[in-house]
Structure formats: C-alpha cells, structure tokens
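Student: First the structure, which I've put down as structure tokens, then a few questions once you've had a look.
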Amino acid sequence: MRRHFDLGDPTFDVTSAEVHAAREQDWYVETTWGWAVLRYAEASALLRDRRFRQGNARWPEQNGIHSGLFSDWWGETLLSLEGDDHARIRRLMLPAFKKRSIEAMVPGFQELAEELVDAFAPRGEVELISELAEPYAARIICRLLGLDESHWEQVAHWADDLGASFSIDVGNQVPRIEAAIEGLTGYLDEVVADRAAHPREDLVTALVQASQGADGAERLSRRELDVALVFLAFAGMETTRNQIGLAVQTLLQHPDQWRLLAERPELGRNAVEEVMRVNPTVTWVTREAVEDVDLDGLHVPAGGIVQVLSHSAGTDPRAVPEPAFDITAERPPHHGFGAGIHHCLGHYVARTDMAVALPLLARRMPDAVPDGPGRWLPVSGNTGALSFPIRFTPSH
C-alpha cells in the first residue's frame with residue numbers, strides 16, 4: 001500500500017525511518033503538496049528536466065495567501081522567476097559571487113570566526129546560534145553586500161522574520177514577514193541612495209549601476225533592485241546560520257569525525273558537503289511541471305508540484321552504498337543547493353564560510369557536547385536550530 005506524507009505536519013520528520021522505508025518501496029510518494037521524490041537518480045534527473053520550472057512561485061498560494069505584500073514580493077524574487085528575467089538578474093548578480101571574489105574574503109572570514117569564538121571559549125559554554133552562527137552569517141552577508149557591519153543585529157532580525165517565508169506555518173506568519181519586508185526594504189533604500197551618490201566596490205553599487213543603465217545593454221529596474229537586495233540579505237544569512245547549527249549537531253553525534261576535523265582542518269570543505277548530504281537546512285527542493293510529464297510510472301499533469309527530498313536522495317543506498325557519515329568520503333553531489341538553472345547563486349559563499357568556521361569550532365571545543373536539547377524548527381520545509389546550547393572545556 002502506497003504511503004502518503006503530510007509535509008505540513010510539524011511533527012513529520014523528512015529524515016525519518018518512515019521516509020527511508022517508503023524509498024525502498026518506490027522512488028516517489030504522494031504528499032499534501034504534490035509528490036515527493038525519494039531516490040537520488042530520479043531526483044537528479046528531475047531537477048535538470050526542462051519540462052519543470054522552479055516550483056516555489058506557488059508557495060504562498062498553496063498556503064492560502066493569494067494577495068498582499070508578501071505574495072507580490074515572493075512572486076518577484078529570483079527564486080520564483082523564470083526565463084529571460086531570471087537569467088538577466090542572475091547574470092547581473094553573478095560577479096559578486098565568483099570564486100575569486102569569495103576567496104579574497106577568506107582571511108576576513110577566519111578573523112571573524114576567531115573573534116566570535118574568543119568571546120565564549122573561556123566560559124566553556126556557548127549558545128551556538130545567537131553567539132556564533134547568527135552573527136557570523138549576518139556579518140558576512142553585510143560584508144558581501146557592502147552594508148554597515150555594525151547594523152548586523154537589525155539585518156539578522158529582519159532576515160530571521162523573513163525566514164518564516166519557508167516555514168510550513170507560513171500562513172500564520174504573514175504579518176511578521178511583511179513587517180520584515182517593509183523594514184529591510186526601507187533600510188536598503190537608504191543604502192541604495194548612498195551608493196548612487198558615493199559608489200564603492202560592493203554588490204549594492206554594482207546593482208545600482210545596473211539599475212541606472214551604467215552597464216550598457218542589461219538593466220535592472222528599481223523594483224527588481226529592491227526585491228533582489230532584500231532576498232539576498234535574508235537568504236544569505238538565514239540558510240548559512242541554520243546550516244551551521246545543523247552541521248555542529250551532526251558532527252557532535254559523530255565524535256570521531258569532530259576530532260578528525262579538528263586535526264585536519266583541510267577537511268572543512270568536505271565536511272560541509274557531507275553534512276549537507278545527511279542534514280540539510282533545505283529539506284526539499286520544489287519543481288512545477290510546465291506540461292504533462294510521464295516519469296517511470298508517475299503522471300504529473302501541467303501545474304503539478306513535485307518535491308525532491310534532499311536527505312532521502314542524499315542517503316539513497318543506490319547512489320551511496322556506504323551512507324554512514326564520513327567527512328573523508330567522496331560522494332555524488334548533494335541537492336542541498338538545488339540544481340540546474342536555479343542552483344543557489346550564493347553556494348560558494350556558504351560553502352566557504354562554513355568550511356572556515358567548522359574546523360575552528362572543532363579545534364577550540366574538542367570535547368564539546370550538547371548542553372540540553374535546544375530548540376529546533378520542524379524537520380520539514382527549511383529547518384535548523386532556534387537555540388543550541390553546548391558545553392566544553394574552557395580554553396583561552
């Protein structure tokens with residue numbers, strides 16, 4: 001008998017044994033929001049199948065939100081756009097996210113991580129999210145965009161509220177989300193005005209110049225500029241903060257891997273990939289069929305929604321015969337950053353800043369253990385820690 005998953009149930013865990021059992025029964029399962037793909041090969045193929053578009057555009061509608069500030073803004077984000085507009089805006093943003101640009105920021109990432117760890121290491125305890133993950137992610141996104149780093153707490157507050165956009169409880173979070181859109185848009189309007197008058201070498205200046213036609217052929221409207229900056233500010237902070245908490249959670253569950261990471265910091269990048277394979281903050285990636293599609297026994301009508309369950313695909317024994325957590329192993333690419341033309345624009349930033357922070361934490365907190373259960377979002381939609389207390393032997 002085929003199972004049915006309620007992805008909107010806050011008690012449902014997309015990493016559970018129930019999901020693994022369904023994966024052995026078939027490559028897909030029916031859900032409250034269309035179908036879910038459970039196996040790696042089918043997931044990889046579907047994410048690159050041009051008969052599907054990014055499925056997030058209908059997320060507000062699926063949750064009963066048909067109009068208003070949030071609904072309008074969501075439909076204009078890079079995540080929801082398709083075709084020429086998506087390609088044009090992505091091209092204009094791409095220079096700030098190139099590997100060379102991010103590599104130049106690595107010494108700054110290292111210095112920032114050391115500064116934050118120095119503040120709590122002598123105590124032998126830390127609330128990981130508020131004391132490290134959030135300030136680290138928020139201050140890095142401020143640097144990337146060219147925002148005043150001293151404003152990171154306010155930017156993080158808005159980003160946190162906007163993060164409710166990805167919550168399975170989004171229908172009840174609209175006032176909070178819309179207040180954050182208004183606050184962050186107003187703040188960024190002031191930054192845009194400053195860059196128009198006083199250009200700098202930062203992403204905001206580059207996008208302002210594109211909105212003024214200074215780059216020649218391709219242009220960005222002022223509305224597109226506002227939407228893009230708000231989306232970048234919140235998406236870049238929220239996902240990295242959540243993934244750092246999930247990474248430490250996973251590594252502390254495997255003390256041998258935590259010790260190995262401390263001894264071999266060059267494994268930082270591979271540790272990030274392995275963590276995102278088994279414990280990603282983005283627990284599913286959504287696609288919508290643009291025409292009727294038949295896939296190995298599954299008929300998806302035009303407009304049908306399909307979710308790729310990231311953890312289930314990443315731990316599929318058909319693709320990973322030995323799926324035990326191992327930061328030294330080479331794995332097939334995970335789907336934590338999506339795939340195809342909607343592959344996450346800021347993936348290299350996230351990969352790099354986490355690869356800096358995780359080995360440092362392992363070295364400075366070698367005997368770290370959770371100090372209580374912490375508070376966590378549901379393991380569905382976008383997940384992560386709201387608080388994660390940790391204790392360890394104090395150090396200086």
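Student: Of all residues in segment 91-129, count the ones that are in contact with a strand residue (DSSP E or B) (Cβ under 7 Å, 6 or more places away or on another chain) and either part of a helix (DSSP H, G or I) or at positive phi (or both).
Tutor: First, pick out the residues of segment 91-129 that are in contact with a strand residue (DSSP E or B) (Cβ under 7 Å, 6 or more places away or on another chain): 120, 124-129.
After this cut, where a residue has to be either part of a helix (DSSP H, G or I) or at positive phi (or both) as well, the list is 120, 124, 128-129.
Here the count works out to 4.
Student: Pairs under 8 Å by beta carbon, first residue under 13 Å from Gly171 (Cα atoms) in segment 63-75, partner among the hydrophobic types (A, V, I, L, M, F, W, C) and crowded, with 17+ Cβ neighbours inside 10 Å, six or more apart or different chains?
Tutor: Note: pairs meeting the criteria are Asn63/Val170; Ile65/Val170; Ile65/Val174; Gly68/Val174; Phe70/Val174; Phe70/Ile177; Phe70/Ile181; Ser71/Ile65.
Student: Looking for whichever is in contact with a Leu (Cβ under 9 Å, 6 or more places away or on another chain), within 29 Å of Gly384 (Cα to Cα), surrounded by 22 or more Cβ atoms within 10 Å (Cβ to Cβ) and not hydroxyl-bearing (Ser, Thr, Tyr) here; the options are Val155, Val208, Val174, Val117. Which one fits? Break it down stepwise before answering.
Tutor: Numbers: Val208 fails: within 29 Å of Gly384 (Cα to Cα); Val174 fails: surrounded by 22 or more Cβ atoms within 10 Å (Cβ to Cβ); Val117 fails: surrounded by 22 or more Cβ atoms within 10 Å (Cβ to Cβ).
On inspection, the qualifying residue turns out to be Val155.
Student: One residue is enough: does segment 220-238 have a residue meeting the conditions surrounded by fewer than 17 Cβ atoms within 10 Å (Cβ to Cβ) and free of Cβ contacts under 8 Å to residues at least 60 places away in the same chain?
Tutor: The first filter runs over segment 220-238 and keeps only residues surrounded by fewer than 17 Cβ atoms within 10 Å (Cβ to Cβ), leaving 221-223.
Now narrow it down to the ones that are free of Cβ contacts under 8 Å to residues at least 60 places away in the same chain: 221-222.
Looking for residues that are surrounded by fewer than 17 Cβ atoms within 10 Å (Cβ to Cβ) and free of Cβ contacts under 8 Å to residues at least 60 places away in the same chain, one finds at least one in segment 220-238, hence yes.
Student: Scan the strands (runs of 3 or more DSSP E) fully inside segment 290-387 and keep the ones with 3 or more residues being aliphatic (A, V, I, L, M). Please lay out each step first, then the result.
Tutor: Values: elements: 293-295, 298-300, 305-309, 385-387.
Where strands (runs of 3 or more DSSP E) fall fully within segment 290-387 and carry at least 3 residues being aliphatic (A, V, I, L, M), they are 305-309.
Student: Additional query: Mind checking which pairs have a first residue in segment 358-374 that is within 10 Å of Phe388 (Cα to Cα) and a second that is of a type in the set (Asp, Glu), Cβ under 7 Å, 6 or more apart or different chains?
Tutor: Asp371/Glu125
Student: Sticking with this structure for a sec: Criterion first (buried (at least 23 other Cβ atoms within 10 Å of the Cβ), hydroxyl-bearing (Ser, Thr, Tyr) and within 30 Å of Arg48 (Cα to Cα)) does Thr383 satisfy it? Steps first, answer last, please.
Tutor: Numbers: buried (at least 23 other Cβ atoms within 10 Å of the Cβ): yes; hydroxyl-bearing (Ser, Thr, Tyr): yes; within 30 Å of Arg48 (Cα to Cα): yes.
So Thr383 passes the test.
Computed from the coordinates by the stated procedures, all read-outs in this text should not be read as laboratory data. Keep in mind the model is a prediction, meaning the values are calculated, not measured. Note that each Cβ is placed from the backbone with ideal geometry, even for glycine, and that neighbours are counted across all protein chains shown.
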